[in-house]
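Peer 1: Starting off with a structure, shown below.
The values are calculated or read from the model by the stated rules, or taken from the named source; none is laboratory data. No experiment lies behind these values; they were computed from the predicted model shown. Please note: Cβ atoms are built from the backbone with ideal geometry, for glycine as well, and neighbour counts cover all protein chains shown.
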Amino acid sequence: MNGAPPIHALLPVKDLENAKQRLAPRLDAHERRMLFAAMLEDVLEALAGAESIAGILVVTRHAGARTLAERYGAGTLGEARNLGQTSAVTLGARALEARGAAGVIALPADVPLVRPEDLDALLAAHRPAPSITIAPARDELGSNALVCSPPGVLPFRFGDDSFHPHVARARALGIEPRVVPRPRLALDIDTPADLRAFASRPSRTRTYRFLEESGILARFALPAAQNP
C-alpha cells in the first residue's frame, strides 16, 4: 500500500447451488454452478494479485466458496442465510471496520475479466477519507466496484440500478464520488446477452476456458439473431 491506509477487498458470494438463475434458459444447473465457480476464481486471482489491496474477505455461507477463498489467502465471514449483496457487503464492511480497515473495495464475483491492474488503478484514483470511488457497469446502471473510506461511510444499495443511487447518496453526504470506468471490470455476467458479450472476447481466464471446454462457447458463438 506504499504507506497509504489499508484498503481491504470485500467479495460477497451467494449460494453456488442456485447461482445465475437468469442464465437458466440457456445453461443447466450444473453449467451455472461451474461457470460461477470459474468466475469467482478469476476474481479472487485478480484480488490476490493487486498490490494495493491489504486483504480479502469473502462473505459466504457456501463451503465451496470458502475453500476457494482460502486457496487465495482470503478470509471468510459466514452468513446465517443468503440475504443478498447489499446485506452481505454491509455485514462485511462492518466486520472489516471493526478490525481496523481504513476502507473497503466491494465488487461482485461475476466480473471475470478484471485484472490486478484494474483494481490498482481504481485505488490509485481513490481520495483520502471520507471518499467514495465507483467503477460502473457497462450499462452505467450497476456499481461493479465500490471503494469506501471509511468502510461504513456510505449506505450500500446494490442491484441492477445501483450506480446512480450510490452517486446520489454520496452527494447527499457531501462527498463528490470519483467515477473511474474500467472496461474489463464493467462486464458482469448475469444474462445470456452478457455471456455472448464475454464469449466474443477471447481471454486467458478460467471462465473462458470453461466455456470453451464445456461446449457452451460454441452455443453462444451463433449469430445473435439465433440466440433468444
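Peer 1: Filter segment 72-90 down to the residues that are out of contact with any Phe, Trp or Tyr (no Cβ under 7 Å at 6 or more places or on another chain) and modelled with pLDDT under 95 and list them by number.
Peer 2: Let us first name the residues in segment 72-90 that are out of contact with any Phe, Trp or Tyr (no Cβ under 7 Å at 6 or more places or on another chain), namely 72-84, 87-88.
Listed by number, the residues that qualify are G78, E79, A80, R81, N82, L83, G84, S87, A88.
Peer 1: Would you say A88 is out of contact with any Leu (no Cβ under 8 Å at 6 or more places or on another chain), crowded, with 16+ Cβ neighbours inside 10 Å and part of a helix (DSSP H, G or I)? Lay out the reasoning, then the answer.
Peer 2: Working: out of contact with any Leu (no Cβ under 8 Å at 6 or more places or on another chain): yes; crowded, with 16+ Cβ neighbours inside 10 Å: yes; part of a helix (DSSP H, G or I): yes.
Against the criterion (out of contact with any Leu (no Cβ under 8 Å at 6 or more places or on another chain), crowded, with 16+ Cβ neighbours inside 10 Å and part of a helix (DSSP H, G or I)), A88 qualifies.
Peer 1: Still on this structure, I have one more. Tell me which residues, restricted to segment 165-224, are in contact with a helix residue (DSSP H, G or I) (Cβ under 6 Å, 6 or more places away or on another chain), farther than 19 Å from E41 by Cβ and not in a loop (DSSP other than H, G, I, E, B).
Peer 2: Across segment 165-224, the qualifying residues are R178, R196, F220.
Peer 1: Turning to a different aspect of this structure: Out of (1) without any contact (Cβ under 8 Å) to a residue 60 or more places away in the chain; (2) more than 18 Å from P181 (Cα to Cα), the odd one out for T133 is which?
Peer 2: So T133 meets the others, but not (2).
Peer 1: Somewhere in segment 131-150, is a residue surrounded by 18 or more Cβ atoms within 10 Å (Cβ to Cβ), under 30 Å from L23 (Cβ atoms), in contact with a helix residue (DSSP H, G or I) (Cβ under 8 Å, 6 or more places away or on another chain) and of a type in the set (D, E, K, R)?
Peer 2: No: zero hits.
Peer 1: Also: Scan (1) assigned to a helix (DSSP H, G or I); (2) modelled with pLDDT of 95 or more; (3) over 15 Å from A106 (Cβ atoms); (4) not hydroxyl-bearing (S, T, Y) for the single condition L68 breaks and write down its number.
Peer 2: Every condition holds for L68 apart from (2).
Peer 1: Then there is this: Report, ordered by the first and then the second residue, all pairs with beta carbons closer than 8 Å, sequence separation of six or more or different chains, a first member in segment 184-204 that is of a type in the set (G, A, S), and a second member that is loosely packed, with under 15 Cβ neighbours inside 10 Å and not in a helix (DSSP H, G or I).
Peer 2: Between residues of segment 184-204 that are of a type in the set (G, A, S) and residues that are loosely packed, with under 15 Cβ neighbours inside 10 Å and not in a helix (DSSP H, G or I), the close pairs are A199/A221.
Peer 1: Going by the structure shown, is A46 at pLDDT 95 or above and in a strand (DSSP E or B)? First the steps, then the outcome.
Peer 2: Values: at pLDDT 95 or above: yes; in a strand (DSSP E or B): no.
Taking the combined requirement at face value, the residue does not satisfy it.
Peer 1: State whether one or more residues within segment 171-187 are touching a Phe, Trp or Tyr at 6+ places or on another chain (Cβ under 8 Å) and not hydroxyl-bearing (S, T, Y).
Peer 2: Initial filter on segment 171-187 (touching a Phe, Trp or Tyr at 6+ places or on another chain (Cβ under 8 Å)): 187.
Those left that are additionally not hydroxyl-bearing (S, T, Y): 187.
Scanning segment 171-187, I find at least one residue that is touching a Phe, Trp or Tyr at 6+ places or on another chain (Cβ under 8 Å) and not hydroxyl-bearing (S, T, Y), so the answer is yes.
Peer 1: In segment 124-143, how many residues are within 16 Å of A168 (Cβ to Cβ) and of a type in the set (D, E, K, R)?
Peer 2: 1
Peer 1: Looking at segment 142-164, which of its residues are part of a loop (DSSP other than H, G, I, E, B) and in contact with a Gly (Cβ under 7 Å, 6 or more places away or on another chain)? Please lay out each step first, then the result.
Peer 2: Here is the first cut: in segment 142-164, the ones part of a loop (DSSP other than H, G, I, E, B) are 142, 150-162.
Once the filter is applied, which keeps residues that are part of a loop (DSSP other than H, G, I, E, B) and in contact with a Gly (Cβ under 7 Å, 6 or more places away or on another chain), segment 142-164 yields P150, P151, D160, S162.
Peer 1: Continuing with the same structure: Of all residues in segment 124-141, how many are more than 15 Å from the chain's Cα centre (by Cα), within 22 Å of I53 (Cα to Cα) and either assigned to a strand (DSSP E or B) or of a type outside the set (A, V, I, L, M) (or both)?
Peer 2: Residues meeting the conditions: 6.
Peer 1: Continuing with this model, one more query. Taking the stated definitions as given, is V13 modelled with pLDDT of 95 or more, aliphatic (A, V, I, L, M), within 15 Å of the chain's Cα centre (by Cα) and crowded, with 20+ Cβ neighbours inside 10 Å? Outline the logic, then answer.
Peer 2: On the way: modelled with pLDDT of 95 or more: no; aliphatic (A, V, I, L, M): yes; within 15 Å of the chain's Cα centre (by Cα): yes; crowded, with 20+ Cβ neighbours inside 10 Å: yes.
For V13, the condition - modelled with pLDDT of 95 or more, aliphatic (A, V, I, L, M), within 15 Å of the chain's Cα centre (by Cα) and crowded, with 20+ Cβ neighbours inside 10 Å - is not met.
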